[in-house]
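Peer 1: Encoded as structure tokens, here's the structure I'll be asking about.
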Amino acid sequence: MASFLNNLFGSPYEKYNIKAEPKDPLVWSRPLVRNHCGEFSMAAVQANMNMEDQGQVEVGTDALFVGVYDGHKGDTASIYLRDHIFTELLRLIQQNNNSMNEDILRQVVDQMETGFIDFARYRCQQHHEVQSSFVSSGCLICIIWRGTLFVANVGNSRAILVSQKGIGQFKRLVVKQMVRDHNFLNPDIQQELTELHPDHNNRSCYQSIEVKGLIETSRCIGYAYMKNSEFTKRRSFEIPLSEVVIPTFTRPLLSSLPDVYSRDLKNTDRFIIFGSGGFWKLISNEKAARVVSTSPRDRIAETLAKLALEKGAAKRGKKYRDLVEIPKSNCVSGNNGNRNSGFRSAYHDDITVIVVYLDQRPNREGVMPEINSYIGCNNTVQQSEFTNFYNNANV
């Protein structure tokens, strides 16, 4: 058995025991939940004052939706996405005769961007809350619809699809990152920005963004003032010194355009790992795939999250057990001055991990999944909007 696992997953065969570690008050996880594809597992870790990541799983009788929203400088944008995007996606699917395609993914992301920019504009105009124009969120969404997988991503969250190829002792895992993460550090993103903004002024702006740590990604939902000049032209709008980009930019610096991907699921597809940027900064695609392949399913997302914490601690010369006594940060993300060893944000960002197993096809064993909604860091289970969709569609 051991030799078979070594051939399949690589040597040595690794096992991870999260139960041996002390209880971490900033780690949350949900036990395995059944869905029509198989099962899924969720976990999250808080580092900032407010939990800026938001995770969401919606279970239908023959469909599954997953959302990971990686907030920046607060949870306003990520909560907005969590509360609106799935309902709007179902509305667009219904409008399209209950059919799904990649254009619908683009439409729903565009509508979330428009809606949140309008929200920021209203807060600035009516309540003089300029902070709404400095918050943002990544947006990674996936829907498995009638046997087809659809994924869209804005920001530096990531989803990897792991398949099994070969037969017998020649079985191996194939790991595919389905959509790009739009991190300024990625060479392809740097090249893309150079081509889109060839003039010197805007190149200087990007350097300022990176040096000041304003945002790590070239695409996001929100950060309105870097996209729309009406915010900076308003007389009442004052940009805090910490947010000033020099020189004045002449065109939008950030984008909300998603990368999209789709494919029909195959019998060789085994599982998908979804993670926010805070997770993938610490764990590689291959490492995460190997851990899921060689570990028990029970609380597998928590296993991955704690491995990320262990890696974050090691970078600062500590072990995971040392982090348990360290509290969350007393400020929102983006305040680099508070990233000292006395707070969790010095070791890791907020983390969300969701693992979806794909080894059970629809209605196998004749057991229907419960149509429920599951939100990260919340133990409450609610009825999913899938229920209203099915009732209205009469399916």
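The values are calculated or read from the model by the stated rules, or taken from the named source; none is laboratory data. Worth saying up front: this structure is predicted, and the values here are computed from it rather than measured. No Cβ is skipped: glycine too gets one built from the backbone with ideal geometry, and neighbour counts run over all protein chains shown.
Peer 1: Looking at (1) under 24 Å from the mean Cα position of the chain (by Cα); (2) within 28 Å of A313 (Cβ to Cβ); (3) at pLDDT below 95, which is the only condition D349 fails?
Peer 2: (3)
Peer 1: For K319, which of the numbered conditions (1) modelled with pLDDT under 95; (2) under 15 Å from the mean Cα position of the chain (by Cα); (3) not aromatic (F, W, Y) fails to hold?
Peer 2: (2)
Peer 1: Quick one: would you say E102 is of a type in the set (D, E), crowded, with 16+ Cβ neighbours inside 10 Å and at pLDDT 95 or above?
Peer 2: It is false that E102 is of a type in the set (D, E), crowded, with 16+ Cβ neighbours inside 10 Å and at pLDDT 95 or above.
Peer 1: Being among the aromatic types (F, W, Y) and in contact with a Phe, Trp or Tyr (Cβ under 9 Å, 6 or more places away or on another chain) is the filter here, so list the residues in region 270-321 that pass it.
Peer 2: Taking region 270-321 as the starting set, the residues that turn out to be among the aromatic types (F, W, Y) are 271, 274, 279-280, 320.
Of everything in region 270-321, just one residue is among the aromatic types (F, W, Y) and in contact with a Phe, Trp or Tyr (Cβ under 9 Å, 6 or more places away or on another chain), namely F271.
Peer 1: Are any residues in region 108-147 assigned to a loop (DSSP other than H, G, I, E, B) and surrounded by 15 or more Cβ atoms within 10 Å (Cβ to Cβ), and if so, which ones? Walk me through it before giving the result.
Peer 2: Residues of region 108-147 assigned to a loop (DSSP other than H, G, I, E, B): 128-129, 134-135, 138, 146-147.
If the condition is that a residue be assigned to a loop (DSSP other than H, G, I, E, B) and surrounded by 15 or more Cβ atoms within 10 Å (Cβ to Cβ), then F134, V135, G138 are the ones that fit.
Peer 1: Going by what's in this entry, would D70 be described as assigned to a strand (DSSP E or B) and within 30 Å of S242 (Cα to Cα)? Before the answer, list the steps.
Peer 2: On the way: assigned to a strand (DSSP E or B): yes; within 30 Å of S242 (Cα to Cα): yes.
In short, yes.
Peer 1: Could you look through region 26-46, keep only residues that are at pLDDT below 95 and in a loop (DSSP other than H, G, I, E, B), and pick out the one that is nearest to I351 (Cα to Cα)?
Peer 2: Within region 26-46, the match that is nearest to I351 (Cα to Cα) is C37.
Peer 1: Which of (1) touching a helix residue (DSSP H, G or I) at 6+ places or on another chain (Cβ under 7 Å); (2) not in a helix (DSSP H, G or I) does Q94 not meet, given it meets every other one?
Peer 2: It is condition (2) that Q94 fails.
Peer 1: Can I ask one more? Under 7 Å by Cβ, and 6 or more places apart or on different chains, what pairs join a residue from region 170-192 that is more than 18 Å from L149 (Cβ to Cβ) with one that is surrounded by fewer than 14 Cβ atoms within 10 Å (Cβ to Cβ)?
Peer 2: R172/K165; R172/G166
Peer 1: For D103, only one of the following conditions fails: (1) in contact (Cβ under 8 Å) with a residue 24 or more places away in the chain; (2) among the charged types (D, E, K, R); (3) assigned to a helix (DSSP H, G or I). What is its number?
Peer 2: That leaves (1) as the condition not met.
Peer 1: Given region 231-348, what helices (runs of 4 or more DSSP H) lie entirely inside it while holding 1 or more residues that are touching a residue at least 40 places away in the same chain (Cβ under 8 Å), touching a strand residue (DSSP E or B) at 6+ places or on another chain (Cβ under 6 Å) and surrounded by fewer than 18 Cβ atoms within 10 Å (Cβ to Cβ)?
Peer 2: 285-294
Peer 1: What pairs come out if I take residues in region 72-100 that are charged (D, E, K, R) and pair them with residues that are assigned to a helix (DSSP H, G or I) whose C-beta lies under 7 Å away, six or more apart or interchain?
Peer 2: Qualifying pairs under 7 Å: E88/V108; E88/Q111.
Peer 1: Does any residue of region 55-73 turn out to be among the aliphatic types (A, V, I, L, M), surrounded by fewer than 19 Cβ atoms within 10 Å (Cβ to Cβ) and in contact with a strand residue (DSSP E or B) (Cβ under 8 Å, 6 or more places away or on another chain)?
Peer 2: Restricting attention to region 55-73, the residues satisfying the condition of being among the aliphatic types (A, V, I, L, M) are 57, 59, 63-64, 66, 68.
Applying the additional criterion that residues be surrounded by fewer than 19 Cβ atoms within 10 Å (Cβ to Cβ) yields none.
Among the residues of region 55-73, not one is among the aliphatic types (A, V, I, L, M), surrounded by fewer than 19 Cβ atoms within 10 Å (Cβ to Cβ) and in contact with a strand residue (DSSP E or B) (Cβ under 8 Å, 6 or more places away or on another chain), which makes the answer no.
Peer 1: Given the residues L185, L193, which is the only one that is assigned to a loop (DSSP other than H, G, I, E, B), modelled with pLDDT of 75 or more, closer than 24 Å to W280 by Cβ and not charged (D, E, K, R)?
Peer 2: After applying the criteria, what remains is L185.
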